[in-house]
Amino acid sequence: MSRPQCAIREVHQADDIKSTILRDRAERGWRIWTIGFVSVDDGYETGLLMLDFYDRTSSAKVYEVFVLDRFRKCGIGARLMERAELAARRLDAKIIELEVHPLDENIDACALRAWYSTLGFNGELDSRLMKKDLQPKHNG
């Protein structure tokens, strides 16, 4: 499937999401401090990412990334992750983390882990936790 030209829209509550499937997923995990991102292609919502920011630790956590079946493998998840990272940087997060946890029985945890690695996340092989440092690297 070719990569759709989707827009990423920020949402501030689960009720802002029109897709029943995506809204139901958001309602299960939404917190008062959650920032949501929804991918939209030709007016149709195709994916969801939920990001939590923790001011006390200057860290952000990707709580959920979910792309509707027929839109998977087109780059939507990567676009959602890019937008989440941008938001985390805007909030001055030093690190962004996530837990490798497939939300669908058709997705292999090892493949998911490898995909997160392509986005710059690192973690111990025996742990579900993966992190990405958002602080600028200084040479010297």
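Since every read-out is calculated from the coordinates, none of them should be taken as a lab result. Because the structure is predicted, anything quoted here is derived from the model rather than measured. In this analysis, Cβ positions are derived from the backbone assuming ideal geometry, glycine residues included, and neighbour counts consider all displayed protein chains.
Shape verdict for the stretch 7-133, please, from the Cα gyration tensor: rounded (a/c under 1.5), prolate (a/b greater than b/c) or oblate. Because a/c hits 1.5 or more and a/b fails to exceed b/c, the stretch 7-133 counts as oblate.
For the pair Asp69 and Thr20, a Förster radius of 25 Å applied to the C-beta separation gives a FRET efficiency near 0.95, rounded to the nearest 0.05.
About the centre of its Cα atoms, the stretch 7-133 shows a dipole size close to 240 debye [charges on the beta carbon of Lys, Arg (+1) and Asp, Glu (-1) only; nearest 20 debye]. Of Asp16, Asp126, Asp24, the residue with the greatest mean-square motion in the GNM of the chain, using alpha carbon springs below 10 Å, is Asp126. In order along the stretch 108-118, phi translates into HN-Hα couplings of 7, 4, 5, 5, 5, 4, 5, 5, 4, 4, 5 Hz, rounded to whole numbers, per the Karplus curve 6.51 cos²θ - 1.76 cosθ + 1.60 with θ = phi - 60° and x for Gly and Pro. Computed extension length for Leu91-Asp41: 15.3 nm, one decimal, from 0.36 nm per residue of separation with the Cα-Cα distance subtracted.
Springs between Cα atoms under 10 Å define the GNM used for the chain, and in it the highest mean-square fluctuation of Arg90, Arg79, Arg31 occurs at Arg90. Note on the stretch 7-133: lysine pairs with Cα distance below 17 Å, sequence gap of 8 or more or different chains, count 5. Most simply put, the chain has about 85% antiparallel DSSP beta bridges, counting only bridges with both residues inside it. What 222 nm value per residue comes from the helices of the chain, counting each DSSP H run with n ≥ 4 as -39,500 (n - 2.57) and dividing by all residues, nearest 500 deg cm²/dmol? About -7500 deg cm²/dmol. Helix 20-29 and the longest principal axis of the Cα set of the chain meet at an angle near 40°. Put in line by how crowded their Cβ is, counting other Cβ atoms within 10 Å and starting with the fewest, Glu64, Glu105, Glu82 read Glu105, Glu82, Glu64. A Förster radius of 30 Å combined with the Cβ-Cβ distance from Arg9 to Leu125 puts the calculated FRET efficiency at roughly 0.30.
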